Amino acid sequence: MGVRLSMTVRNAVLVEKRFEDFAGEVKKVGAGRLRGRLESARKMVSTYPALYAGEPPHHWASEKQRRYVMWAISTGNLQVPYQRTGKYGDSWQIIKLPDGNGYMLRSNYPAAKFIAGNAYGQMQYHLHQGRWMTLRAAMETAVEGLPQDIQENISMVARRTGLK
């Protein structure tokens, strides 16, 4: 004589549905938190510093550069005093990645890499150093604490969906 064991699984479809809902919510939480942090970085990197109160210090990269600037001023190809157009600040965009799993912050402004530097914190022109926030510094500041923020929100979603 043997022992017989039988089990009945009930509400399996409900549990499966909760896991599916949870997985979808986790992706939304991560993407939403990342997008919010990138928006914060976008604001930091596109914020204009105050104009110099007088003449900015001139540290020419070369004699050739100094001669070119003086020529451009004398021929009207460079306006003095400088007038801000706002194009740099407006050029920063948050772009959804093609695979749909993330975002990137970028600028289509030709001189952006000389104003904000690149992703490695390099290329910022020396006249902008200490005045304009670098892209690298803005990103590091913006994503600080992001993993913990996402984890807390995932726990909240788990409780809401009945999995915790």
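Taking the criterion of being out of contact with any Ser or Thr (no Cβ under 6 Å at 6 or more places or on another chain), of a type outside the set (Val, Ile, Thr) and in contact (Cβ under 8 Å) with a residue 12 or more places away in the chain, would at least one residue in region 72-79 satisfy it? Looking through region 72-79, none of the residues is out of contact with any Ser or Thr (no Cβ under 6 Å at 6 or more places or on another chain), of a type outside the set (Val, Ile, Thr) and in contact (Cβ under 8 Å) with a residue 12 or more places away in the chain.
Just one of the listed residues (Gly102, Gly54) is at pLDDT below 90 and exposed (fewer than 10 other Cβ atoms within 10 Å of the Cβ), namely Gly54.
Give the residues of region 121-154 that are surrounded by fewer than 16 Cβ atoms within 10 Å (Cβ to Cβ), among the hydroxyl-bearing types (Ser, Thr, Tyr), within 17 Å of the chain's Cα centre (by Cα) and assigned to a loop (DSSP other than H, G, I, E, B), sorted by residue number. Hits for region 121-154: nothing passes.
For region 98-120, the candidate set comprises residues that are in a loop (DSSP other than H, G, I, E, B), without any contact (Cβ under 8 Å) to a residue 40 or more places away in the chain and aliphatic (A, V, I, L, M); within that set, the residue that is nearest to Leu38 (Cα to Cα) is Ala119. The set of residues in region 121-141 being touching a residue at least 12 places away in the same chain (Cβ under 8 Å) and of a type in the set (A, V, I, L, M, F, W, C) consists of Leu127, Trp132, Met133, Leu135, Ala137, Ala138, Met139.
The values are calculated or read from the model by the stated rules, or taken from the named source; none is laboratory data. Keep in mind that this is a model prediction, so the values were computed, not measured. With ideal geometry, Cβ positions are generated from the backbone for all residues, glycine too; neighbour counts draw on all protein chains shown.
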